Amino acid sequence: MTALRQTAVTKAVPLLQALPLAAILIAFFVGPVLLVVAVSFFDYQTWDILIPDFILYNYEILLGSETTYRTYLNTAKLCLLAWFFTLTIGFTIAYFLAFHVRSVPLQIGLFLLCTIPFWTSNIIRTISWIPLLGREGLVNQGLMGVGIVSEPVEWLLYSEFAVILGYVHLYTLFMIVPIFNSMLRIDRAVIEAARDAGASGFQILRHILLPLSKPGMAIGTIFVVALVMGDFFTVDVLGGAKVASVGKTIVNELGYLQYPPAAANAVVLTIVTILLIVALMRIVNIRKEL
Amino acid sequence: MSYRKRSPFSTVYTRRDFVKTTALAGTAAAVSSFPAPFVHAQEAVTLRIAGTGVNAFNELAERALEELGINIEYIVLTSDDVVTRAITQPTSFDMIDSEYWMLAKIVPSGNLKGMDVSRIQYYDDIVPIFTRGELPDGTQMARQGTAPIKVSYLTAEESSTFAEEPTNFMTLIPTVYNADTLGIRPDLINRPIESWAELLNPEFAGKTAILDIPSIGIMDAAMVCESLGEIQYGDKGNMTRDEIDRTMAILTQAKRDGQFRAFWKEFNESVTLMASGEVVIQSMWSPAVTAVRQQGVPCVYQPLREGYRAWASGLGIPSHLSGRQLDAAYEFINWYLSGWVGAFLNRQGYYTAVLSTARENMTENEWNFWMEGEPAAEPIVSPTGTVIEEPGAVRDGGSFWERMGAVACWNSVMDEDRYMVRKWNEFIAA
């Protein structure tokens, strides 16, 4: 009898321990997501914004419109470019910090330096590009002053270039941190051994550093992809509200009180993002590598 | 056109006015001689006003506290958010500062209380644009779009239906209204601009902007398409699906051709776009033009031959308000119409609901400049004290009559609103 109770208690303990987190996740994550899914099947009118119903209208309109595919394609393009640049820059900086800087205090000092931009808010960091890139901005004044161009360069602001620049500025740190972390775990002896065996710098990079930093790169990629896929602010401010992105479309729909189509759009966006991340997990098994 | 010749504001003091003024003075005296302990026994009432901020000014709130003992708290939101709040969280505010087109969305929710006009002291003096759909001289006001008269009255105090004819229950008491047009940078354009069609002129490719609030942006777009001769609308303010499709096709093509530099949603964004020279011609609101000029940048609110797109906003009372707060709301509205606020807002370039009381609070020079369209005799000073116009300057577009008389349409919520908004969103994303 006591033994039986004992096992019951032992079984219950881990469940109880998991309960607080589970409750929070159910209340603040699973619940809202289910609500969004439910609303995406609702009907709506201008004067009655939520009419409980089960209709496919919102999905039909969404998936039947050419604009949707164009928008997703454009978001994917922004995502790919932002990913490429943050990864390249993030990897280079992490490599410099992990292998070139020998003293630990200097390493930590430089690493903290990378985080300085994060002392101000995302919004301010985004907006501060405007006086720099505008038609009468600093960059254009500089270029014209030196005589490189005679007319202001238009594509610097309110363009995809500006949006990607904003993303790279905002999100490179999300690459640096996990990659730097992965690189610090690489056993220096392995690199020395490779060098002793006559490997060139490129071979070391290709066969040792890249494979062993993969988990860091994968984690950084998840951050950047998720942030860019859901972004609407940077696109709005640096794209002059005219660069298409899914997040921006959803925000517009919410603004126009079209909740059910916004919900349908959000569901599709969530599915696409999850698929992207699942595909990524297939390439790199993060749990194993950690 | 003879009405433009005579001055509409030459007020003749009638016996009625006299009686009214004396009665007012009497009331004021009665209030101030009220036993003080009674006044002190009650805490000051607080009214939270949700609105777009076009007429949310600290000066106004301070004055209301001083004169009425009412705490005014502004909740400043974007146009879209005002509608959302009014429909989904009507108890989160005590008064709403709403645009008239928003009513088409808000009133069906039943969240707005009809205001008893017998409690509005200056009701008879409100500009007839709102009470009869006419200009003060009796000419019919443009009715394309959500003209205020279409949504000014409710069938009953608790009602979610608009009344066809004036009743005793008003949806909003008008506060400010204006005739909007395109803003331009004359120094960067260097030639006369006379038509809405110029917004899509390839000459300004990459240097134009349009506002991204569907109910307003679609009307600017319609003015442009009509003036280009591309589309003849039955009613710009209530388009058919076909008209919407054709309008959005023209805009989308222009967007793909790089006509637009940006889209803006917020007043300040339009100021930045214009002042920085990113755009040279765009949709704009009158105080934004003033704000650009205050930075020393030339900017003109250009009158165009096809006329103006008008808007109006007013104060409304949500259904949940009762007791002392309800009384305070009426008191605040009566104070609002009594002159000081009207003068304050007229000096921003807006027009206000009761012109006669506003006039009493403005100097001759100010009145002539802002309302009569005459050259300034002395420097024109903004409410914050900066000189915004030198002597000799004339208001863009001229007098109240020339501007309000040339209104072609109003900001609008159409029958096909759901379709239009979806198409608009596709245009923004295209």
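Values quoted throughout were computed directly from the atomic coordinates according to the rules given, and no laboratory measurement underlies them. All values derive from a computational prediction rather than experimental measurement. FYI the Cβ positions are ideal-geometry reconstructions off the backbone, even for glycines, and counts take in every protein chain you see.
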*Under 5 Å between amide H atoms, partner at least 5 residues away or on a different chain: which partners does B:T175 have, H built in plane at 1.01 Å?*
B:S313, B:G314, B:L315
*Whether region B:47-93 is rounded, prolate or oblate, judged on the alpha carbon gyration tensor where a/c under 1.5 counts as rounded*: oblate
*asked:* If you average the C-alpha positions of region A:248-290 and of region A:174-235 separately, how far apart do those two centres end up, in angstrom?
replied: 25
*Pairwise label distance in nanometres, B:E62 with B:R324, each label 7 Å out on the Cα-Cβ vector*: 2.6
*aspartates and glutamates near A:K242 by alpha-carbon distance under 12 Å, same-chain residues fewer than 8 away left out - which ones?*
A:E160, B:D212, B:E426
*Applying the Karplus parametrisation 6.51 cos²θ - 1.76 cosθ + 1.60 with θ = phi - 60° to the phi angles of region A:260-272, what ³J(HN,Hα) value in whole Hz is obtained for each residue in order, glycine and proline being reported as x?*
x, x, 4, 5, 4, 4, 5, 4, 4, 4, 4, 4, 4
*Can you give the extra length, in nm with one decimal, that the chain gains between B:D257 and B:D187 once fully stretched, where that is 0.36 nm per residue apart less the Cα-Cα distance?*
22.7 nm
*asked:* Going by amide H atoms built from the backbone, whose H comes under 5 Å of the H on B:Q259, apart from near neighbours?
replied: B:G206
*Scan around B:T46 for amide H atoms under 5 Å from its own, H built in the peptide plane at 1.01 Å from N, and keep only partners 5 or more places away or cross-chain.*
B:N71
*Post the alpha-carbon centroid distance, region A:56-118 to region B:70-104, in whole angstrom.*
38
*Can you list the HN-Hα couplings for region A:235-240, worked out from phi with the Karplus curve (6.51, -1.76, 1.60; θ = phi - 60°), rounded to whole Hz and with x for Gly and Pro?*
4, 5, 6, 8, x, x
*Report the FRET efficiency, 1/(1 + (r/R0)^6), for A:V33 and B:V394, where r is their Cβ-Cβ distance and R0 is 60 Å, rounded to 0.05.*
0.50
*Could you point to the residue in A:A266, A:G255, A:A226 farthest towards the positive end of region A:178-290's charge dipole, with +1 and -1 charges on the Cβ of Lys/Arg and Asp/Glu respectively?*
A:A226
*Please find, in a Gaussian network model of chain A (springs between Cα atoms separated by less than 10 Å), the residue of A:L34, A:L21, A:L184 whose mean-square fluctuation is greatest.*
A:L21
_Quick check: pseudo-label points 7 Å beyond the Cα along Cα→Cβ at A:V272 and A:A22, how many nm apart are they?_
3.5
*Can you give the percent of C-alpha pairs in region B:221-270 whose distance is more than 12 Å?*
68
*Between B:D124 and B:N268, what FRET efficiency follows from the Cβ-Cβ distance if R0 is 45 Å, with the result rounded to 0.05?*
0.75
*Can you give the convex hull volume of the alpha carbon atoms of region A:66-289 per residue, in Å³?*
170
_Lys/Arg +1, Asp/Glu -1 at C-beta; chain B dipole; positive extreme among B:S270, B:T252, B:V394_ = B:T252
_I'd like the FRET efficiency for B:E157 and A:I51, computed as 1/(1 + (r/R0)^6) with the beta carbon distance as r and R0 of 25 Å, rounded to 0.05._
0.40
*When the Karplus curve 6.51 cos²θ - 1.76 cosθ + 1.60 is applied with θ = phi - 60°, which whole-Hz ³J(HN,Hα) does each residue of region A:148-153 get, with x for Gly and Pro?*
6, 10, 9, 10, x, 6
_Length added when fully stretched, A:L184-A:T120, from 0.36 nm per residue minus Cα-Cα_ = 20.2 nm
_Using a 7 Å offset from the Cα along the Cα-to-Cβ direction at both A:F84 and B:T139, what is the distance between the two label points in nm, to one decimal?_
6.0
